[in-house]
Each structure stands twice: as structure tokens, then as C-alpha cells.
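For reference, the structure discussed in these notes is given below.
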Amino acid sequence: MTNTAKSNTLHFGLLFFLAIAFLVLPEYHSGNLARIMILAIYAMGYNVLFGYTGLLSLGHALFFSAGMYGLGLTMHLNGWTPAPAFVVALLTSTIVAAIVGFLVLRTTGVAFMIVTLMFAQAGYLTILYFGTYTRGDEGFALQQATRQLIGFDLTNPSVRYYTALILFSVVLLLLAYLVRSPFGRTLVAIRENEERAKMLGYNVTAIKLQAVILSGVISGASGAAYALLFGYAGATFATVQYSILPLLWVLVGGAGTTTGAFFGVLFMTYLIDYASGQTNAYLIVVGLVLVAVTLFLPHGIVGTLRNKYAGWLP
């Protein structure tokens with residue numbers, strides 16, 4: 001079996017497992033898994049920029065919240081239906097990512113990281129400033145009656161789960177195709193040696209801008225889907241915490257791997273869930289586990305498996 005065939009088997013096998021998981025898992029865990037899939041989309045968007053292009057951003061909450069509020073405000077204030085509101089969310093995140101990317105790519109290294117953080121904080125403060133519409137930290141809920149898509153009630157647990165699965169499947173397969181495409185290989189080349197990529201004639205700045213936009217759109221789609229499926233949009237999702245989380249998810253799962261983002265979110269979600277049920281000082285437990293993962297699995301869960309046992313893992 002070729003490496004491509006093994007990769008395809010892995011991706012479709014994961015999607016098949018998720019498709020049947022809803023039928024056998026208790027409601028609590030299936031609800032968790034729906035949320036994990038949506039947040040894994042966010043992590044995959046982050047992974048495009050960090051894992052494949054080598055750009056460390058601390059401002060991705062800006063893109064996530066751009067998609068969330070692009071859909072949420074359109075539905076909440078204008079009464080639009082989910083489909084056109086989702087398109088607005090994608091356009092909003094695309095525009096925000098294009099503007100931010102054009103400006104931040106004038107910097108490199110630590111400066112890039114700091115400037116992305118500054119933009120994210122500016123986005124958070126903007127949400128608070130326009131609290132009349134956004135409701136600030138309190139946020140707002142999307143009414144159940146408005147969360148209907150082509151006759152399906154997105155508040156129904158089964159519909160919500162399989163809608164999350166469809167979105168996750170599209171992004172996962174898109175990423176799997178992307179990393180094998182010339183564009184994906186160019187991103188890896190830039191990550192590994194940017195100067196050599198320039199010498200080979202690639203317009204590195206333009207390619208990195210495309211990566212920022214793609215990463216921002218995927219992250220925005222995750223934010224829009226979160227608001228739509230779980231019925232809430234709030235300024236909390238624009239804070240620094242939600243810029244740090246995708247970095248942790250990708251590092252734990254495996255940067256530069258297609259499935260690492262999902263397993264990173266899965267691991268972190270259940271680690272926090274279990275630890276918080278055992279002690280009030282659960283963040284200490286989580287911190288110690290993360291230190292252990294960093295020491296013994298420096299390339300993340302999937303990344304370590306790829307390096308030691310299965311070099312074909314994408």
C-alpha cells in the first residue's frame with residue numbers, strides 16, 4: 001500500500017469512527033465530541049500557519065471571533081438565516097485575515113508574534129467598545145427558532161453532531177489534499193528554509209500572505225460554526241486565552257500533521273474534564289501533564305508516532 005493510500009485510509013477511517021461514535025456514546029460524550037470537532041477545525045486553521053508555514057501567531061482569536069461575530073451579529077441583529085450568515089462570516093474572516101496578514105508580514109520572528117497579539121487585543125477591545133451591539137463579555141444567545149438550516153433543527157443533538165462532522169470532514173480532507181499539493185509543499189519549504197525558497201524563485205511574502213488568509217478563513221469558519229451550533233457568541237472567545245489554546249492543541253497533537261489538531265483538542269478537553277472532576281487545583285495537574293508531554297513527546301502525539309513508527313503519517 002502506498003503512503004498516499006495509507007494516508008487516505010487514516011483520514012476516512014477517522015471520519016468513519018466519528019460517524020458511528022454518536023450511535024454508541026452517551027449523550028454527554030457525543031456532545032463533547034461535537035464541540036471537539038468544531039474546535040479541531042480552529043486548531044487545523046492554526047496549524048496551516050504554525051505547523052506548515054512556521055509562523056507563530058498569538059492572535060488567532062481575532063479570526064475565530066471575526067467568524068463568530070460575522071455570523072452571530074448578522075443573525076442576531078438582521079434576522080438572517082444561517083446559510084447567508086455563514087457566507088458573511090467567511091467574507092468577514094477573509095477580509096480581516098487579508099488586512100492583518102498584509103501588515104504583520106512586514107515583521108518576522110518575535111516581532112510577528114507580538115504584532116499578531118496586538119491585533120487580537122485590538123479586536124477584543126473593539127468588541128467591548130461596541131457593546132451596545134455585541135453585548136461585550138456578557139455576549140448574546142442565538143434564538144433556537146433562527147438556528148434552522150434547510151429544514152434541520154441545529155439545536156437537535158444528532159443534527160448538531162453530524163453538521164459538526166460534515167464541517168470537520170471538509171476541512172480535514174481539504175488539509176490532507178493541501179499538504180500533498182505543490183502549495184502545501186511550498187509552505188513546508190518556507191518553514192524549513194525561507195532563504196533557500198527565495199533563491200529558488202518563490203515569492204515568499206505572497207505565499208505567506210495566502211497562508212495567513214487560508215488559516216484565518218478556516219479559523220473564522222470554526223468560530224461561525226461554534227456560534228451557530230452552540231447558540232452563543234461572546235467576547236471571551238476573542239481573549240488571549242483563545243489565541244493560546246490552538247497553539248497548545250497543535251503542540252500536543254503534533255504540529256505539521258493533519259490529524260494532530262483533532263487529537264490535541266481531544267486530549268486537552270478530556271484532560272481538563274477529568275482533572276477538574278478530581279481537584280479544584282486542576283490547572284496544576286494540567287500543567288504537569290503538559291510538561292510531561294513536552295518532555296517525552298516533543299513532537300506531539302501524532303508527530304512522535306510519525307517520527308518513530310509510521311513515517312507515512314501526513
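Let me test this: with uniform point scatterers at the alpha carbons of the stretch 28-88, what is the Debye-based log₁₀ I(q)/I(0) at q = 0.16, 0.19, 0.29 1/Å? Summing over Cα pairs of the stretch 28-88 leads to -0.68, -0.85, -1.06. Near LYS308, which lysines are there with a Cα under 23 Å away, not counting those fewer than 8 places off in the same chain? Partners found: LYS6. Projecting label points 7 angstrom from Cα along Cα→Cβ for PHE130 and ALA98 puts them 1.8 nm apart.
Each principal axis of the Cα cloud of the stretch 84-205 was evaluated for its coordinate range; sorted largest first, these ranges are 56, 37, 21 Å. Measuring max minus min along each principal axis, the C-alpha atoms of the stretch 114-158 give extents of 43, 24, 16 Å (largest first). Taken about its Cα centre, the chain carries a charge dipole of roughly 700 debye when the Cβ of each Lys and Arg holds +1 and the Cβ of each Asp and Glu holds -1. With N as its number of residues, the stretch 93-143 has a Cα radius of gyration that, divided by 2.2 N^0.38 Å, comes to 1.41. Residues whose amide H falls under 5 Å from that of TYR232, counting only those 5 or more places apart or on a different chain, are LEU142, with hydrogens built in the peptide plane. Can you return the lysines within cross-link range of LYS198? Criterion is Cα-Cα under 30 Å, with same-chain partners fewer than 8 residues away left out. Qualifying lysines at Cα under 30 Å: LYS208. Applied to the stretch 233-246, the Karplus parametrisation 6.51 cos²θ - 1.76 cosθ + 1.60 on θ = phi - 60° returns per-residue 3J(HN,Hα) values of 9, x, 5, 3, 6, 9, 7, 4, 3, 7, 8, 7, 4, x Hz, with x for Gly and Pro. Based on the reciprocal of the average 1/r between different C-alpha atoms, the Kirkwood radius for the stretch 176-314 equals 17.2 Å. Between ARG180 and TRP312, the distance separating the two model label sites (each 7 Å from Cα on the Cα→Cβ line) works out to 1.1 nm. Per the Cauchy relation, a quarter of the hull surface: what is the mean projected area of the convex hull of the alpha carbons in the chain, in nm²? Here the figure is 17.0 nm², rounded to one decimal.
Only the coordinates and a few stated rules stand behind these numbers; no lab work does. All of these numbers come straight from a predicted model, not from anything done at the bench. FYI the Cβ positions are ideal-geometry reconstructions off the backbone, even for glycines, and counts take in every protein chain you see.
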